[in-house]
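Inspection log for the structure reproduced underneath, given as structure tokens.
Derivation of every value follows stated rules applied to the coordinates shown; laboratory data play no part. The structure displayed is predicted, hence computed values, not measured ones. Please note: Cβ atoms are built from the backbone with ideal geometry, for glycine as well, and neighbour counts cover all protein chains shown.
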Amino acid sequence: MQRYFLELAYDGTNFFGWQVQPNQRTVQAEIETALSKLYSNEKVGVTGCGRTDTGVHASQYFLHFDAIERYGVEDLKHKLNGMLPTDIAVYRVIPIEKEIHARFDADKRTYTYYISQEKNPFTIKNSWYKRLNLDLNKMNEASKMCIGKKDFECFSKVHTEVNNFLCEVFECEWRFENNQYIFKVSANRFLRNMVRAMVGTFIEVGLGKINLEQFDKILKSKDRSEAGSSVPAQGLFLSEVKYDGLNNV
């Protein structure tokens, strides 16, 4: 058996998230169905680099699966793209060592959130259309407070099954470009709903409803009810996944 990585992207608009769920359309289910058909209707399970929620997109995503060496990598890529729906695209098929794991060996993940300031039919499905007048300087001052290894329970969905709420954030910043506010955050791991809760809280800072001292208190509170509301899913992308120890990924 050979282990493979797939590098892919998907538009999450019409998916009930990444993970297989009963009676729901998910990205994982579509890929496993296509792979099983290619391998003589035998069950082929895949393991993703993480989970995305309903409506969240991925411009870069990795998964791994084990299968016999029946196809060349370009042939397998071509066959999968021909079988998968138009909202999933496979970019690369990469043979890897058996012990490499798509989720546990990922060193850094990056999420990007887009808030459009003009109505645009070509971005309406992959950004949040919301007219705002935000103070980016204040938002970036608050963003700096998130850098480092910290407890982010205040931004986590409650009642999640995790051992701890510690995440190491490497990058956290806002910019304005092409009539969009763009938020980018990179970390070793993310909690459920973390990025959308962060964005909602930063917006409160940008609107002057929360000052920097209050933001610091929210961050230290470990209380989700103290932070801002979660923003809609359609503006969020898993945009990059890094495997620092792997040369060909």
* Asked: Gain in length, E161 to L132, computed as 0.36 nm per residue apart minus the alpha-carbon separation, to one decimal in nm?
  -> 7.0 nm
* At what distance in angstrom do the alpha carbon centres of segment 71-107 and segment 151-226 lie from each other? -> 31 Å
* To do: Would you kindly state how much longer the chain becomes between I124 and H101 on full extension, computed as 0.36 nm times their sequence separation minus their alpha carbon distance, in nm to one decimal?
  => 4.8 nm
* Structure fact -> The simple spin-label model distance between D75 and K209, using points 7 Å out along Cα→Cβ, in nm, is 5.7 nm
* Of the listed values (1) -0.40, -1.04, -1.20; (2) -0.42, -0.95, -1.06; (3) -0.36, -0.90, -1.04, grab the one calculated as log10 I(q)/I(0) by the Debye sum over Cα atoms at q = 0.09, 0.14, 0.15 Å⁻¹ from the structure here. => (2)
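Could you calculate the contour length gain from A89 to D244, that is, 0.36 nm times the residue separation minus the distance between their Cα atoms, to one decimal place in nm?
On the way: separation 155, 0.36 × 155 = 55.80 nm, distance 2.37 nm.
Full-extension gain reported as 53.4 nm.
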* Hey, rough spin-label estimate for K108 and K144, points 7 angstrom out along Cα→Cβ, what's it come to in nanometres? -> 2.0 nm
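For the residues Y4, Y113, Y10, Y71, what sequence is obtained by ranking on other C-beta atoms within 10 Å, fewest first?
The most exposed by this proxy come first: Y71, Y4, Y10, Y113.
Output the peptides 88-98, 193-203 sorted from most to least packed, where packing is the average of other Cβ atoms within 10 Å over each peptide's residues.
On the way: 88-98: 15.4, 193-203: 23.7.
Result, highest mean first: 193-203, 88-98.
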